[in-house]
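Beneath this line is the structure, given in structure tokens, with notes to follow.
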Amino acid sequence: MNMKDITNNPYFLLTPGPLTTTETVKLAMMKDWCTWDDDYNNIVQDIRGQLVRIATKNPEKYSAVLMQGSGSFTVESVIGTTIPRDGKLLVLVNGAYGQRIVKTAKTIGIDTVVIDTGEVDPPDLKKLDETLTADQDITHVAIVHCETTTGILNPIDEVSKVVKRHNRVFFVDAMSSFGGIEMDIDELNIDYIVSSANKCIQGVPGFGFAIVKTEEFEKCAGNARSLSLDLYDQWKTMEENNGKWRFTSPTHVVRAFAQALKELDEEGGVAKRAARYRENQRTLVDGMEELNFKPLLPRELQSPIITPFYYPDSEEFAFQTFYDKLKEKGFVIYPGKVTNLNTFRIGNIGDIYPDDIRDLLTAIEESSYWLKSVPEN
Ligand SMILES: *Cc1c(COP(=O)(O)O)cnc(C)c1O
């Protein structure tokens, strides 16, 4: 077997992570690295510095911590480490990932209140304002930036203004948007933001990261409800031991991530990557509308990350058959996650270009088996 056979993808992953990565990112995992060696730790330090610089033009106020596991582990580590024992969390929910934050907090015994606006509507800012006025026990507010359930892009700038007017700590789950949508966490007044290796930075799964406002995070020693997920202790260890992780780190994944960051830089940084994702998404929606598919969200709420479409209006349509046909043609799409509507989702992120989207549209047209006049392959 030659290297090409090993790294060639069987299909494009049009999902919101893990997603299609470059051959060079995958090849970066072909060496074994010691977890506490200086060379490796220098790579970790370099990654931490780069993440903060991607997040803000004022990097001196922030610090990055990496955490083993999938993205949810890092979310749990932030919630369990930054909210004090007598703290109270308010979560703005409009989808499955917001609900996961609620479940995470409740599971570890944190007093939690929720403002839920369903799955296709933006957060209720007036209710947020009223709730923060009425309930002085609330110390922290959390929201998902791009709610991957629908791809809705939440207005974290407006939410932040309300949260900060009330002087509360602000946490953003930017798992599926960080690196793919431009933002400055200092301008946005965000205290904690989380993402993971396998989303818009285009690495492979295995760890997540939090970028923390140092002044705020310094207060969090001893809060953690878990040893493994003690983000403060992880941070102190990385700070004091030049990038050392407390427990075994996903060394190969970290190497791949360093390569992915290099490739983000070579592409022209977040602005360029965001432009490519936006073009992917526009190409997709324009093409799908021509094929008579209807997007779930109006364009003004839709992020460039992932796009849900209603099932076609036909008794003969079955998602699984459609999925299998597209997979045969080299494209893996995603089932819907909206509770009471029949939708499927197509991811726009990863090592995917508008030409790939055009090929996908051809494959979708050829796989529209429920129509009478499907063109023959
Ligand atoms: C992917 C994702 C997560 C984390 O999911 P994991 O399966 O734990 O990696 C959390 N929030 C959002 C918004 C996501 O898109």
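Every number in this text was worked out from the coordinates using simple rules, so none of it is lab data. A quick note: this is a predicted structure, and the numbers were derived from the prediction, not measured. Note that each Cβ is placed from the backbone with ideal geometry, even for glycine, and that neighbours are counted across all protein chains shown.
Here are some pairs, LYS127/LYS164; LYS213/LYS244; LYS61/LYS219; LYS199/LYS337; LYS26/LYS61; LYS31/LYS262; which of them have Cα atoms lying more than 24 Å apart in this structure? The answer is LYS26/LYS61. Ranked by the mean number of other Cβ atoms within 10 Å of their residues, highest first, the peptides 33-42, 254-263, 356-365 come out as 254-263, 356-365, 33-42.
For region 28-265, a simple Cβ point-charge model (Lys and Arg +1, Asp and Glu -1, everything else neutral) yields a dipole of about 320 debye relative to the Cα centre. Modelled spin labels at ASP111 and GLU267, positioned 7 Å past Cα toward Cβ, are 4.3 nm from each other.
Since only SER368, GLY222, TRP245 are under comparison, the one whose Cα sits farthest along the positive direction of the charge dipole of the chain, derived from C-beta charges on Lys, Arg, Asp and Glu, is GLY222. Across every direction, the projection of the convex hull enclosing the Cα atoms of region 146-274 has a mean area of 9.1 nm².
Taking every DSSP bridge with both residues inside the chain, close to 50 percent are antiparallel. With θ set to phi - 60° and the Karplus curve 6.51 cos²θ - 1.76 cosθ + 1.60, what are the ³J(HN,Hα) couplings of region 30-35 in order, to the nearest whole Hz, using x for Gly and Pro? Computed from phi, the couplings for region 30-35 are 7, 10, 8, 10, 6, 7 Hz.
Calculated mean residue ellipticity at 222 nm for the chain: -12000 deg cm²/dmol, from DSSP H runs with n ≥ 4 weighted as -39500 (n - 2.57), summed, divided by the residue count and rounded to 500. Summed over all non-identical Cα pairs, the Kirkwood treatment of region 231-320 gives a radius of 17.2 Å. Count Lys and Arg as plus one, Asp and Glu as minus one, and take only other residues whose Cβ is under 14 Å from that of TYR192; the net charge is then -2. Is the shape of region 208-262 best called rounded, prolate or oblate, per the rule: a/c under 1.5 gives rounded, else a/b larger than b/c gives prolate, else oblate, with a ≥ b ≥ c the square roots of the Cα gyration tensor eigenvalues? Since a/c reaches 1.5 and a/b is larger than b/c, the shape of region 208-262 is classed as prolate. With a ≥ b ≥ c the root eigenvalues of the C-alpha gyration tensor of region 299-361, is it rounded (a/c under 1.5), prolate (a/b larger than b/c) or oblate? Oblate. Around the Cα centre of region 233-348, unit charges on the Cβ atoms of Lys, Arg, Asp and Glu (plus for the first two, minus for the last two) sum to a dipole of about 380 debye. Global size of the chain: 21.1, 66 Å for Rg and Dmax (C-alpha atoms, Rg to one decimal, Dmax whole). Among the trypsin sites (Lys or Arg not before Pro) within region 80-157, those in coil by DSSP and having at most 14 neighbouring Cβ atoms inside 10 Å are ARG85.
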